[in-house]
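Asks: Let me begin by handing over the structure; questions about it come next.
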Amino acid sequence: MRRLRATASLRDLVRETRLTPSQFILPLFACPGEGVRREIGAMPGNYQMSVDEMVKECAEIRSLGIGGVILFGIPETKDETASGAYAEDGIVQRAVRAIKRDVPGLLVLTDVCNCEYTSHGHCGKIVNGDVDNDATLEWLAASAVSHARAGADIVAPSDMMDGRVAAIRRTLDASGFPGVPILAYAAKFASVFYGPFREAAESAPQFGDRRSYQMDPANGREAMREIELDLEEGADMIMVKPAMPYLDLIRQARDRFPVPVAAYQVSGEFSMIVAAARNGWLDRERAIMETLTSIRRAGADIILTYFAKDAARLL
Ligand code: PBG
């Protein structure tokens, strides 16, 4: 076996899995104000950015050949009804309009969820102390339509309410957006690795946790069922999230469903590598490339990653 490993050019020739920047999606956090670029403590190198700053950032992202960006929003105020999530002039809606205007050609995805916009930090409407699934669908559909109206290329629901893909598809179609695809966060687990993100998006639940709507990390068969249902409801692409602890499910999804499969290398996966590298315990660049290559090898066509810029430069 060693004959084909002898030199860099031989290894390059026989490499089975390759990365290109166009497969990466970079998550960005939009916040109110002007000239704001606030570093996120647990995610060094990532920022809450006002729309003007985000537009500059997006020009650089486009020039690196990165596949696109996915936008999250930190609204001016949060309330019980997540009104900032579906406001026509909400923070994400404004950011999408500005990016589409000033950075044409860059693919803009939007995360469709309520947790950044509710005062309690949960992903849906609270009725009798718990998230009410069906009452939440209306908010999600309204958010998706408001994103589409602002110019979003793809909407990506991450809330894990049952039936949300169907509700969003129906409402997009009825509102004149039959051409906007849905990337469903189909198999999204109740993961400890979202911790740093909740600081970034200021979206930690104020009581309880998300285990009544996000998946139990122990369940692989159920993940396939979630994906199947989202595809039946009209999802164009599906996602497994987080990525590295769930590589088996990325592989199963790739083998079972003939649609584009995305994987999200989430905030905790990012922060672990950055923290270890800062301590001198891991080589940052090699850790980035090895983890991204492994996610690709497992079967992901698209990778959402906070390392998109680093990886694009390394490639
Ligand atoms: C919103 C959402 C979350 C993430 C993406 N969309 C947080 C959560 O579910 O608590 C996590 C992303 C990351 O950790 O990088 N529901």
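The values are calculated or read from the model by the stated rules, or taken from the named source; none is laboratory data. Because the structure is predicted, anything quoted here is derived from the model rather than measured. Heads up, the Cβs are rebuilt from the backbone with ideal geometry, glycines too, and the neighbour counts pull from every protein chain shown.
Asks: When you scan the range 165-183, do you find a residue that is under 20 Å from Ala95 (Cβ atoms), of a type in the set (Lys, Arg) and more than 13 Å from the ligand (Cβ to nearest atom), even just one?
Replies: No, the range 165-183 contains no residue that is under 20 Å from Ala95 (Cβ atoms), of a type in the set (Lys, Arg) and more than 13 Å from the ligand (Cβ to nearest atom).
Asks: Follow-up question, since we're still on this one. Among the residues of the range 95-106, is there at least one that is within 12 Å of the ligand (Cβ to nearest atom), on the phi < 0 side of the Ramachandran plot and not basic (Lys, Arg)?
Replies: No.
Asks: If you go through the range 61-72 one residue at a time, how many are part of a loop (DSSP other than H, G, I, E, B) and of a type in the set (A, V, I, L, M, F, W, C)?
Replies: 2
Asks: Just give me the residues in the range 258-290 being more than 20 Å from Ile40 (Cβ to Cβ) and within 16 Å of the ligand (Cβ to nearest atom), in sequence order.
Replies: Ala262, Ala263
Asks: Here's another thing I want to ask about it. On the given criteria, is Ile238 of a type in the set (Val, Ile, Thr) and without any contact (Cβ under 8 Å) to a residue 40 or more places away in the chain?
Replies: Judged against the criteria, Ile238 is not a match.
Asks: Further question on the same structure: Which residues, taken from the range 1-23, are in a helix (DSSP H, G or I), surrounded by 10 or more Cβ atoms within 10 Å (Cβ to Cβ) and under 32 Å from the mean Cα position of the chain (by Cα)?
Replies: Matches in the range 1-23: Pro21, Ser22, Gln23.
Asks: Pairs under 9 Å by beta carbon, first residue within 12 Å of the ligand (Cβ to nearest atom) in the range 145-164, partner basic (Lys, Arg) and not in a helix (DSSP H, G or I), six or more apart or different chains?
Replies: Partner pairs satisfying both residue conditions: Ser158/Lys188; Ser158/Lys241; Asp159/Lys188; Met160/Lys188; Met160/Arg210.
Asks: crowded, with 22+ Cβ neighbours inside 10 Å, basic (Lys, Arg), in contact with a strand residue (DSSP E or B) (Cβ under 7 Å, 6 or more places away or on another chain) and modelled with pLDDT of 95 or more - does that describe any residue in the range 243-256?
Replies: For the range 243-256, residues crowded, with 22+ Cβ neighbours inside 10 Å, basic (Lys, Arg), in contact with a strand residue (DSSP E or B) (Cβ under 7 Å, 6 or more places away or on another chain) and modelled with pLDDT of 95 or more: absent.
Asks: Can you spot a residue in the range 241-257 that is within 16 Å of the ligand (Cβ to nearest atom) and within 24 Å of Val92 (Cα to Cα)?
Replies: yes
Asks: Separate question: Quick check: is even one residue across the range 206-225 within 18 Å of Tyr86 (Cβ to Cβ), within 12 Å of the ligand (Cβ to nearest atom) and either modelled with pLDDT of 95 or more or among the aliphatic types (A, V, I, L, M) (or both)?
Replies: Checked the range 206-225: no residue is within 18 Å of Tyr86 (Cβ to Cβ), within 12 Å of the ligand (Cβ to nearest atom) and either modelled with pLDDT of 95 or more or among the aliphatic types (A, V, I, L, M) (or both).
Asks: Sticking with this one: For the range 73-181, which helices (runs of 4 or more DSSP H) that fit wholly inside it have 3 or more residues that are among the hydroxyl-bearing types (Ser, Thr, Tyr)?
Replies: Fully inside the range 73-181 and qualifying: 133-150.
Asks: Could you tell me whether Arg297 is modelled with pLDDT under 95 and either assigned to a loop (DSSP other than H, G, I, E, B) or of a type outside the set (A, V, I, L, M, F, W, C) (or both)?
Replies: Here the answer is no, as Arg297 does not meet what is asked.
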